[in-house]
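Participant: Dropping a structure here in structure tokens format, bear with me for questions.
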Amino acid sequence: MPKTRQKGRQRLKLAIVSNQSTKSKRIMTQLEEKLLSAGLEIDQNDPDVVLTVGGDGTLLSAFHRYLHLIDKVRFVGIHTGHLGFYTDWRDYEVDQLVRSLQNDEGTSVSYPLLDVMLSYSDSKADKQFLALNEATLRDFSKTMVVDVYIKNDFFERFRGDGLSVSTPTGSTAYSKSLGGAVIHPRLNAIQLNEIASINNRVYRTLGSPLIISGHEWIRIDIKNGGNYHLNIDHLTIPQSKLKSIMFSVSRKKIHFASYRHTPFWRRVNDAFIGEFPKKEQDD
């Protein structure tokens, strides 16, 4: 299981983040009313727990919105759509969730995050970002040419559409569609995936996902000018004068309140396979 932490009982301050669907807005209104009736405090600026109403996209938005509080805040997801990997609660379980919040003891499970450090060829200062799912670099103007280093050792020269680096929880998102492995979040690791690499008699790459341990890092040195776009989760960040990007497992983690935390492999099964069929009895 992921790391669990616990802190003393305290009066909770709660924030609510919802997507714009009619159903989610209705659930958010109900949740606000029930929280206030239960004597709980709503504080959108400095919460202890962030409640998201929607799906994984809503939780990603909330994560980046409260990134400045990542060391203290915990997240709880309420699922109102078709698929929610990060959401432990359904829209019809609001009453149960409110009771859990009333009895909160500060427990949580923690997942690794991806640290992204950008360096530039001009005088710009380095920039640092955190990703919950992944960071993806593409060049939309031409074939992307970059050198890939693991720690300080040259690994390969990549030519293709792009590269994506994911966290263990992000391994079930875009990384999976690129053929990456699904990684349990107990592993302190990141994963590098190629996007449409060029492989022939002249140009070669490994052509397989790379899983990098927590004490290592990946550096991508950019070899040609181009129209680079860096995606940090759902955020698109156009880049110019980009010289290199460093990817590593962050020292920071995201914390989920563990009132009723769904085991990781059950989440994977529910998201991609569904319930196992009952074993048919022999005639």
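The values are calculated or read from the model by the stated rules, or taken from the named source; none is laboratory data. All values reported here derive from a predicted model rather than from experimental measurement. All Cβ positions, even for glycine, are placed from backbone atoms using ideal geometry, and neighbour counts span all protein chains on display.
Participant: Could you please find all residues in the stretch 208-226 being more than 28 Å from His261 (Cα to Cα), touching a strand residue (DSSP E or B) at 6+ places or on another chain (Cβ under 6 Å) and of a type outside the set (Asp, Glu)?
Facilitator: Passing the criteria: Pro209, Leu210, Trp217, Ile218, Arg219, Ile220, Ile222, Lys223, Asn224, Gly226.
Participant: Moving on to the next point. Which one of Gln128, Gln96 is in a strand (DSSP E or B) and exposed (fewer than 15 other Cβ atoms within 10 Å of the Cβ)?
Facilitator: Gln128
Participant: Just to be sure, is Gly39 part of a loop (DSSP other than H, G, I, E, B) and surrounded by fewer than 21 Cβ atoms within 10 Å (Cβ to Cβ)?
Facilitator: Spelling it out, Gly39 is indeed part of a loop (DSSP other than H, G, I, E, B) and surrounded by fewer than 21 Cβ atoms within 10 Å (Cβ to Cβ).
Participant: Among (1) farther than 25 Å from Ala135 by Cα; (2) in contact with a Gly (Cβ under 8 Å, 6 or more places away or on another chain); (3) of a type in the set (Gly, Ala, Ser), there is one condition Gly55 misses while meeting the rest; what is its number?
Facilitator: Gly55 satisfies all of (1) farther than 25 Å from Ala135 by Cα; (2) in contact with a Gly (Cβ under 8 Å, 6 or more places away or on another chain); (3) of a type in the set (Gly, Ala, Ser) except (1).
Participant: Here is a further query. What single numbered condition from (1) surrounded by 15 or more Cβ atoms within 10 Å (Cβ to Cβ); (2) modelled with pLDDT of 90 or more fails to hold for Ala196?
Facilitator: If we test Ala196 against (1) surrounded by 15 or more Cβ atoms within 10 Å (Cβ to Cβ); (2) modelled with pLDDT of 90 or more, just (1) comes out false.
Participant: Being among the hydrophobic types (A, V, I, L, M, F, W, C) and within 24 Å of Arg251 (Cα to Cα) is the filter here, so list the residues in the stretch 52-100 that pass it.
Facilitator: Answer for the stretch 52-100, where residues must be among the hydrophobic types (A, V, I, L, M, F, W, C) and within 24 Å of Arg251 (Cα to Cα): Leu59, Leu60, Ala62, Phe63, Leu67, Leu69, Ile70, Val73, Phe75, Val76, Phe85.
Participant: Name the residues in the stretch 162-188 that are in contact with an Asp or Glu (Cβ under 9 Å, 6 or more places away or on another chain) and surrounded by 15 or more Cβ atoms within 10 Å (Cβ to Cβ), would you? I'd like the intermediate steps shown before the answer.
Facilitator: Let us first name the residues in the stretch 162-188 that are in contact with an Asp or Glu (Cβ under 9 Å, 6 or more places away or on another chain), namely 162-167, 170-171, 173-175, 178-179.
The answer is Gly162, Leu163, Ser164, Val165, Ser166, Thr167, Gly170, Ser171, Ala173, Tyr174, Ser175, Leu178.
Participant: So which residues in the stretch 211-237 are more than 30 Å from Arg74 (Cα to Cα), surrounded by fewer than 18 Cβ atoms within 10 Å (Cβ to Cβ) and of a type outside the set (Lys, Arg), if there are any at all? Spell out the reasoning first.
Facilitator: The first filter runs over the stretch 211-237 and keeps only residues more than 30 Å from Arg74 (Cα to Cα), leaving 219-229.
Imposing the further condition that a residue be surrounded by fewer than 18 Cβ atoms within 10 Å (Cβ to Cβ) reduces the set to 221, 223-225, 227, 229.
Once the filter is applied, which keeps residues that are more than 30 Å from Arg74 (Cα to Cα), surrounded by fewer than 18 Cβ atoms within 10 Å (Cβ to Cβ) and of a type outside the set (Lys, Arg), the stretch 211-237 yields Asp221, Asn224, Gly225, Asn227, His229.
Participant: Got a sec? Which of Leu130, Leu137 is touching a Lys or Arg at 6+ places or on another chain (Cβ under 8 Å) and either in the same structural domain as Ile195 (by TED's automatic domain parsing) or at pLDDT below 90 (or both)? Write out each step before concluding.
Facilitator: Working: Leu137 fails: touching a Lys or Arg at 6+ places or on another chain (Cβ under 8 Å).
None of the other options fit; the residue is Leu130.
Participant: Another one. Suppose we keep only residues that are charged (D, E, K, R) and under 14 Å from the mean Cα position of the chain (by Cα) within the stretch 240-263. Which one would you say is surrounded by the fewest Cβ atoms within 10 Å (Cβ to Cβ)?
Facilitator: Per the stated criteria, the residue is Lys252.
Participant: How many residues are more than 22 Å from Asn103 (Cα to Cα), crowded, with 22+ Cβ neighbours inside 10 Å and touching a strand residue (DSSP E or B) at 6+ places or on another chain (Cβ under 7 Å) if we restrict to the stretch 42-81?
Facilitator: Residues meeting the conditions: 7.
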